[in-house]
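The values are calculated or read from the model by the stated rules, or taken from the named source; none is laboratory data. Because the structure is a prediction, the values reported are computed rather than measured. No Cβ is skipped: glycine too gets one built from the backbone with ideal geometry, and neighbour counts run over all protein chains shown. Side chains included, ligands, DNA and RNA excluded: accessible areas come from the protein's heavy atoms. Shrake-Rupley method; radii C 1.70, N 1.55, O 1.52, S 1.80 Å.
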Amino acid sequence: SSPPTQALLFALFLALYSLAMAMNGLIIFITWTDPRLSSPMYFFLGHLSFLDVCFITTTIPHMLIHLTVKNHTVSFVACITQMYLVFCVGVAECILLAFMAYDRYVAICHPLSYAQIMSRQVCVSLVSTAWSFGLINRILLEYMSFRNPFCRDSHIENFFCEAPIVISLSCGNPQFSLKVIFADAIVVLLSPMVLIVISYARILASILGRNSSSGRGKTFSTCASHLTVVIFLYTSAMFSYMNPRSTHGPDEDKPFSLLYTIITPMCNPVIYSFRNKEMKGAMVRALGRSSLSQAESV
């Protein structure tokens, strides 16, 4: 890209990164400090925002550096580390979104048993499972990505080290590694997405089966918003990891990579948190405490 284009892209992605960090950071602070937000839903939202912060921090700062310097070289260790973190955090977020959909299903369809089913211990176990699955799964993906030596062109056609692109640079036949990653993506991406769709389908069926129409429109709007974010995340990741490399070029990967590494972490706070009345109240209380402490210090 030309220098003016690079400057424009730098300003754009810096603004998006700063906005995403600010929104997710605010949610983390509120959900972890406000005692009124002690329900399982806010427990999951805090961890989702933490994952989003980790996710965008593994990709965007490195891209911003390369938009400002002429040397675009990425060391082998840096590439491995970036893939390691992207795998770990990305897989954990996919699993956590499925658990969050199940939490909403239990809250709406089984409200009387909600506190018993989604106890604090269960919530901690679900979050730990998401993180553990990400940590274990990345070992397989990392091994499949670097099992062969590299002797071809080392030019990576993306703004971060993405597994299918890195594998295509290795010596020998990369088809086995790509097939393993494809099978793994079915478990990590397709299975949670099916569970999410089923959970929200049952939520909608439960709402439609009730005689009262109060809150029906709000529930439809919430479910539609959640499903929109989920579809953006999963379909863009599926295009990168489940689509044969022979059917598309590197330039077609970049928009989808941007979608699930930048746009989705920005949309999550708006869709899941900022439309919630309790979350808005917690923000007002947090800002009020901040203003009061500043006044007392003066």
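A few notes on this one:
- Rounded accessible area per residue of the stretch 1-158, 1.4 Å, Å²: 50
- Counting only DSSP H runs of at least 4 residues, each contributing -39500 (n - 2.57), and dividing by the residue count of the chain, the helix-based mean residue ellipticity at 222 nm comes to -24500 deg cm²/dmol.
- Gained length - residue 139 relative to residue 18, 0.36 nm times residue gap less alpha-carbon distance: 40.5 nm
- Size descriptors for the chain (Cα atoms only): Rg and Dmax, in that order, 21.0, 68 Å.
- Separation of the stretch 37-111 from the stretch 117-180 is 14 Å, based on Cα centroids.
- Fully extending the segment from residue 129 to residue 10, taken as 0.36 nm per residue of separation minus the present Cα-Cα distance, adds 39.2 nm.
- Exposure check, 1.4 Å probe, all protein chains in place: residue 223 carries approximately 10 Å² of accessible surface.
- For the set 219, 235, 68, the ranking by accessible area, highest first and with no ligand, DNA or RNA atoms included, is 68, 235, 219 under a 1.4 Å probe.
- Positive-pole candidate from 176, 113, 124, dipole of the stretch 78-176, charges at beta carbon: 113
- Test item: Cα-centred dipole of the chain, Lys/Arg +1 and Asp/Glu -1 on Cβ, debye: 820
- Derived scalar couplings ³J(HN,Hα) [the stretch 25-37; Karplus, 6.51 cos²θ - 1.76 cosθ + 1.60; whole Hz; x for Gly, Pro]: x, 5, 5, 4, 4, 5, 5, 9, 10, 7, x, 6, 9
- Close amide H partners of residue 150, meaning residues 5 or more places away or on another chain with modelled amide H under 5 Å apart, are 171.
- Dividing the radius of gyration of the alpha carbons in the stretch 57-148 by their Kirkwood radius gives 1.18 for Rg/Rh.
- For the stretch 34-100: rounded, prolate or oblate by the Cα gyration tensor [a/c cutoff 1.5]: prolate
- Counting lysine pairs in the chain that sit 8 or more residues apart in sequence, or on different chains, and whose Cα atoms lie under 27 Å apart gives 4.
- In this structure the amide hydrogen of residue 118, modeled in the peptide plane, comes within under 5 Å of no amide hydrogen from residues 5 or more places off or on another chain.
- Neighbourhood net charge (15 Å Cβ-Cβ; Lys/Arg +1, Asp/Glu -1) for residue 54: -1
- The chain, accessible surface, carbon-and-sulfur percent (1.4 angstrom probe): 68
- Positive-end residue of 24, 61, 76, charge dipole of the chain with Cβ unit charges: 24
- Degrees between helix 175-185 axis and first principal axis of the chain (Cα, 0 to 90, nearest 10): 0
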